Structures are given as structure tokens and as C-alpha cells.
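**Q** Got a structure here, written out as C-alpha cells. Questions coming.
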Amino acid sequence: SIIIISSILIGWFVEQFTINRLKTLANKTESVIDDILVHSLKYLIVFWFGAAGIYISLHQFPIPHNTREILIKIFWSIIIYSFTLFASRLLVELTKIYTSKISGLSGSVSVFTNIVKIVVFSIGIMIILQHFGISITPIITALGVGGLAVALALQDTLSNFFAGIQILVSKQVRPGDYIRIDATTEGVIKDITWRNTLIETMQGNIIVIPNSKFSQSIITNMYLPAKKLTFRVEGGVSYNSNLEEVEKILIDIGKKILSENEGGIKDFEPAVRFYSFGDNAILFRLILACESYEYQFLLTHKTIKLIHQTFNEKGIEIPFPQRVVHLSKKD
């Protein structure tokens, strides 16, 4: 017990020193590899020192030979698992970086990280089985024979899995993009897992869509080909209005909105287009631009308020539908 406790305490001090040293070095470099290494080693150094204490204890205490052999095999199996965990952490973080830089993906992409975890832990399990003297060849053969049955049983799951891979590889939609699905559902893609695509609506709710159904939907990506978006604020003015004056006022309003509010593109030149003679007014569109799709709603809200206030101050009439009824008197 004293050996094990001492080993754990020494491991804790060594880990604190090692982690702090690595953090100091990581802060001096632009590379993220050292940061990933620090994250991957968390708690494992203490574990390895504690395991070393257990290994020493196995040889210090009088234990039957057969029992000792079994305990040593279990010990090395645990060590193999710890290195498997370390490799999994390291490769998962590297996968996130790779998919972000090479594939242009952002946000969470669980499908790739899950594949890495499955592969790494499968290799670890095979090494442990071989350590116990269990041949993995029959297991691989059995998996090959039973693969067809498993594929049939998991048809929907596999369909969603490969649909998720196709969605990510195509780069047409990515985690973090704002999308509209079939003109009814819209929101930000939060994650694409091995089975589902998660979409967060503007109300904060999460919509879960199977990848196979998602890949077959008609999708409008508000962030492609660019996040910046032009939008229109429509209205109308009286037929008695001076249209040159109205146009100048609307452009000034547009510049003020874009320059003073978050999400507005300050160097964008607002435009006004009169586009129709309506029943009660000459109709116009004020064209503005914002950094991304979500900003247009608040900017439209503020623009309408400012147009209403400015038109009232300038004496410009905003007409509304009305009917005049003439009553005739009969003698």
C-alpha cells in the first residue's frame, strides 16, 4: 500500500511539473500540437506511476505464481488501454484540426472523431486479446462471415452513417452554416454525427434529422457562396412625394443603420429602387447588406423604425389602404 500511495504522489508531482512545463513551452509557440499533447496527457502520468507502484508490489508480496501471472497480464492490459486512450485523445484532436484546415469544416464534426475512436480502440482491444493469447484471426473471420447479416440488420444506421460522410465531404453544408430545409425549417448546423444532423433554430431549439433524410432534402445554405448578404426593406410613399428627396433620405437612413449597428457592412453603399405604382403609393426597396443571414432581422426592425420616424419629421406621407364611400340621396 505504501509503495502504491508513494508512486501515485510522485506521479502527481511529476505530472504537475510536466504539464506546467509543457504549457509554458506551448505558450511560446504558435503550433497547437503541444496544446493537444498537454490535453492528451491529462491524468495519465499519475496513472502510469500508480501502475508502476502496483507492478512493483506484485513482486514484493508472496503471491502464488499462477495468480501473479494473471495479475501481471491484467496489469499490462490496463497499461495498453491507457496508451490506447492517449492515442485516441491525440488523434481525435488532430482529426479536428485536419478536417477544419483541409476540408474547410468548422464546428463539431462527430462522425470523423467517432471513426478515429472506433479504429484506435479496436486496435487496442486486438493487442490486449493477443496479450492474453487469444487469436484474433477467428474473430476477424467471424466478423467477415457475419458482416452481411450485420449490414442488413443495421441498414438504416449504415445509410445514415454514409450519408453523413457524403454531406461532410461534399462541403455544400458544414457545421456552423445557417440553412433552410425544404422552405420550412431553418437554423444553424450544430453537429453532424454518425447518425443525425443537429440544427439549432433561432428560438434555441434543437432539430434532429437523420442524415439520409437530410441528404435528400432541398437545402438553401445562407452562408454559401459567402456569408455576407444583401437584403431589402420595402415600403411606399405618397404620389405627392418628391421622389428625389425620398431617395436621398432613404440612402442616408441606410448608411446610418449600417454604420451604427452590429452586423451591418459599413462600407456598403445603400441603394433605393422605386419598382411599382401601387394602389395607394409608389413602392420602393431600400437595399442594405449585413455580415450574415441572422443580422438582417434586427437591422430590418431598426430600419423600419427609423424610416417611420424620419418620414414623420420630414412630412413625407406613408399611405395606407383606404376606401371612400359616396352616398347619394334620392328624392
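The values are calculated or read from the model by the stated rules, or taken from the named source; none is laboratory data. All values derive from a computational prediction rather than experimental measurement. So basically every Cβ, Gly included, is an ideal-geometry build from the backbone, and we count neighbours across all protein chains shown.
**Q** Looking at (1) at pLDDT 90 or above; (2) under 19 Å from Y293 (Cβ atoms), which is the one condition that is false for V208?
**A** It fails just one condition, (2).
**Q** I would also like to ask the following. Would you confirm whether any residue within the stretch 18-26 is among the hydrophobic types (A, V, I, L, M, F, W, C) and farther than 30 Å from K96 by Cβ?
**A** No, because not a single residue in the stretch 18-26 is among the hydrophobic types (A, V, I, L, M, F, W, C) and farther than 30 Å from K96 by Cβ.
**Q** Quick one: D279 ticks every box in (1) over 17 Å from N240 (Cα atoms); (2) surrounded by fewer than 18 Cβ atoms within 10 Å (Cβ to Cβ); (3) out of contact with any Lys or Arg (no Cβ under 6 Å at 6 or more places or on another chain) except a single one, so which number is it?
**A** Tallying (1) over 17 Å from N240 (Cα atoms); (2) surrounded by fewer than 18 Cβ atoms within 10 Å (Cβ to Cβ); (3) out of contact with any Lys or Arg (no Cβ under 6 Å at 6 or more places or on another chain), D279 fails exactly one: (1).
**Q** What do you reckon, is I199 buried (at least 18 other Cβ atoms within 10 Å of the Cβ), assigned to a strand (DSSP E or B) and not small (G, A, S)?
**A** Numbers: buried (at least 18 other Cβ atoms within 10 Å of the Cβ): yes; assigned to a strand (DSSP E or B): yes; not small (G, A, S): yes.
The answer is yes for I199.
**Q** Could you tell me how many of the residues in the stretch 157-192 are in a helix (DSSP H, G or I) and among the polar types (S, T, N, Q)?
**A** Counting residues in the stretch 157-192 that are in a helix (DSSP H, G or I) and among the polar types (S, T, N, Q) gives 5.
**Q** Another question, then. Which residues, counting only those in the stretch 178-196, are surrounded by 15 or more Cβ atoms within 10 Å (Cβ to Cβ) and more than 18 Å from A163 (Cα to Cα)?
**A** Y178, R180, E186, G187, V188
**Q** Being of a type in the set (A, V, I, L, M, F, W, C), more than 31 Å from the chain's Cα centre (by Cα) and closer than 15 Å to V233 by Cα is the filter here; which residues of the stretch 248-286 pass it?
**A** Residues satisfying the conditions are I249, L250, I251, I253, A271, V272, F274, I282, L283, F284, L286.
**Q** Output the number of the condition that F320 fails; it satisfies all remaining conditions of (1) assigned by TED's automatic domain parsing to the domain that holds V233; (2) loosely packed, with under 14 Cβ neighbours inside 10 Å; (3) in contact (Cβ under 8 Å) with a residue 24 or more places away in the chain.
**A** Single failed check for F320: (1).
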